[in-house]
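Working notes for the structure below.
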Amino acid sequence: MYLTAEEERILRGEEGEAKAKALEVIVKVGEALGAERLQPIVHAHVSGVSYNNIGEPGRKFIEDLANMGARFSVPTTVNPIGFDLEAPGAFDLISADREVLEGQRAIVSALHRMGASLTLTCTPYYIPSVRGLRPGQSVAWGESNAVVYANSVLGLRTNREGGPVALMAAIAGRTYYYGMHVPERRRPRAAYRLEAPEGYRLDYARAAVLGRVLVRLHRLEGPPLLDARVDRETFKELGAAVGAEGDIAMVFVPGLTPEEPPGRLEEVVSIDYRDVEAELESMRLDDVDLVYVGCPHASAEEVEALARELSRLKPRGNRPQLLITTSRDEERRISPEAMEVLREYGAVVLRDTCLIVSKLRREGLRVATYSYKAMFYLSRHGLRVGLEPMEDLARRLGSEA
Ligand code: F3S
């Protein structure tokens, strides 16, 4: 692999042992993939930081790096952790015993010492400084939903990095020039056209199901091109479904993706909206114990949309619990009126965490959500999970006055 004089100097340890080791890892991964050179990055997002997932070995790895003097070379944000940092006991279905509390706090503190911004969210794309990054800039992000959003909506360039590689790239300030960093690899060869009647609306749930259908159909190399009316907000659920179901890192959506559309396509495939509807219908559950919103972390607009639905209804006496997971920044943007409605419904709003990276107290819980990603992972944890649109979730919680 070609290395610049500066990269050679870093590898010799002239900027410290930790940075040399981090760059060594990036070079090795790059060489294994056949990358010819490294790519400087302007931002990193580190996933895989919940103590419930990485345990003591992960804690030791991150603490050792911090103790070795590792510091992030670029602005770095961090994925959700095992509980709400300021209110670990705020939701009775999530447990955090002493070991988890202590281990998680140690991880957060080590990341902070290395210079991370403690965003603790899987939606770094809502952070104003990240929104300020320019299309075409390279970043190293873990967290598949964020990667798909970054490539597809922000025009940033990132591969789907594993947590440790994103961490090393953040320290080294570079990643390997490969995959999504290479302009030719970002060009779609196949298009998928949603055939639907005028006025057909892709809400969060339908966008998520469409993402799943897309992954099943897409075979050619390069990102799929999606010809469907999807906006930034609903794309979030589509991208999260794509990230959970397959290994796609980008969906090219004309009008949304800030890049030149491809000239010639090798394949054009039609998707009938009735297939999306049928799949959605098959994913419903009858009774549920919990309505879950916020995978990926909910935006303020999303929470306000839910509150609007709920404000048209009256809370049912015997209703499921309502859990919302979001980031601290987005929570601060939610209007007081929306928060008031949520309080009437006894909603629990958690920051910093989610139902998947925390530890659930109850087996056999039945959950309704419009997030296919939540459904995908919670089902693997043995929960019964149904998918349905936001309006239907609201009707589980409230009834007509
Ligand atoms: Fe985020 Fe947790 Fe879903 S990290 S994307 S809310 S699984």
(Q) Of the residues Pro254, Pro261, only one is away from the ligand (no atom under 16 Å from the Cβ), more than 26 Å from Ala368 (Cα to Cα) and at pLDDT below 95; which? (A) Pro261
(Q) Taking the criterion of being surrounded by fewer than 21 Cβ atoms within 10 Å (Cβ to Cβ), assigned to a loop (DSSP other than H, G, I, E, B), under 23 Å from the mean Cα position of the chain (by Cα) and away from the ligand (no atom under 16 Å from the Cβ), would at least one residue in the stretch 48-55 satisfy it? (A) no
Q) In the stretch 14-28, is there at least one residue being out of contact with any Gly (no Cβ under 6 Å at 6 or more places or on another chain), within 16 Å of the ligand (Cβ to nearest atom) and not hydroxyl-bearing (Ser, Thr, Tyr)? A) no
Q. What residue, among those in the stretch 110-124 that are in a helix (DSSP H, G or I), touching a residue at least 12 places away in the same chain (Cβ under 8 Å) and away from the ligand (no atom under 15 Å from the Cβ), is nearest to Glu63 (Cα to Cα)?
A. Ala110
Q.
Quick check on the stretch 63-74. Is at least one of its residues polar (S, T, N, Q), in a helix (DSSP H, G or I) and modelled with pLDDT of 95 or more?
A. yes
Q: Could you list all residues from the stretch 362-384 that are within 12 Å of the ligand (Cβ to nearest atom), touching a Pro at 6+ places or on another chain (Cβ under 9 Å) and part of a loop (DSSP other than H, G, I, E, B)?
A: Ser371
Q) If you check Lys359 against the conditions, is it surrounded by 21 or more Cβ atoms within 10 Å (Cβ to Cβ), within 16 Å of the ligand (Cβ to nearest atom) and basic (Lys, Arg)? A) no
**Q.** Extreme residue, surrounded by the fewest Cβ atoms within 10 Å (Cβ to Cβ), among residues of the stretch 5-20 that are touching a residue at least 40 places away in the same chain (Cβ under 8 Å) and part of a helix (DSSP H, G or I)
**A.** Glu17
Q.
Need the failing condition index for Tyr2 against (1) among the hydroxyl-bearing types (Ser, Thr, Tyr); (2) surrounded by 19 or more Cβ atoms within 10 Å (Cβ to Cβ); (3) under 24 Å from Leu156 (Cα atoms), just the number.
A. (2)
Q) Restricting attention to the stretch 119-132, which residues are out of contact with any Asp or Glu (no Cβ under 9 Å at 6 or more places or on another chain) and closer than 25 Å to Val108 by Cα? A) Tyr125, Ser129, Val130, Arg131
Q.
Exactly one of these conditions fails for Val348: (1) β-branched (Val, Ile, Thr); (2) within 13 Å of the ligand (Cβ to nearest atom); (3) under 17 Å from Asp289 (Cβ atoms). Give me its number.
A. (2)
Q) On the given criteria, is Glu198 surrounded by fewer than 20 Cβ atoms within 10 Å (Cβ to Cβ), touching an Asp or Glu at 6+ places or on another chain (Cβ under 7 Å) and closer than 30 Å to Ala305 by Cα? A) no
Q: Please find, within the stretch 318-345, the residue that is nearest to Ser399 (Cα to Cα) out of those that are within 16 Å of the ligand (Cβ to nearest atom) and hydroxyl-bearing (Ser, Thr, Tyr).
A: Thr325
Q: Output the residues belonging to the stretch 365-380 that are touching a strand residue (DSSP E or B) at 6+ places or on another chain (Cβ under 7 Å) and surrounded by fewer than 18 Cβ atoms within 10 Å (Cβ to Cβ).
A: Arg366, Ser379
Q | Any chance Ser95 is within 29 Å of Tyr149 (Cβ to Cβ) and away from the ligand (no atom under 16 Å from the Cβ) | A | no
**Q.** the stretch 145-162, residues that are surrounded by fewer than 24 Cβ atoms within 10 Å (Cβ to Cβ) and of a type in the set (A, V, I, L, M)
**A.** Val153, Leu154
**Q.** Residue list for the stretch 313-349, restricted to those being touching a Gly at 6+ places or on another chain (Cβ under 8 Å) and either surrounded by fewer than 18 Cβ atoms within 10 Å (Cβ to Cβ) or hydrophobic (A, V, I, L, M, F, W, C) (or both)
**A.** Leu313, Lys314, Pro315, Arg316, Arg319, Leu322, Leu323, Ile324
(Q) Can you pull out every residue in the stretch 264-302 that is of a type in the set (S, T, N, Q) and within 16 Å of the ligand (Cβ to nearest atom)? (A) Ser299
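The values are calculated or read from the model by the stated rules, or taken from the named source; none is laboratory data. Everything numeric here is computed off the predicted structure, so don't read it as measured data. So basically every Cβ, Gly included, is an ideal-geometry build from the backbone, and we count neighbours across all protein chains shown.
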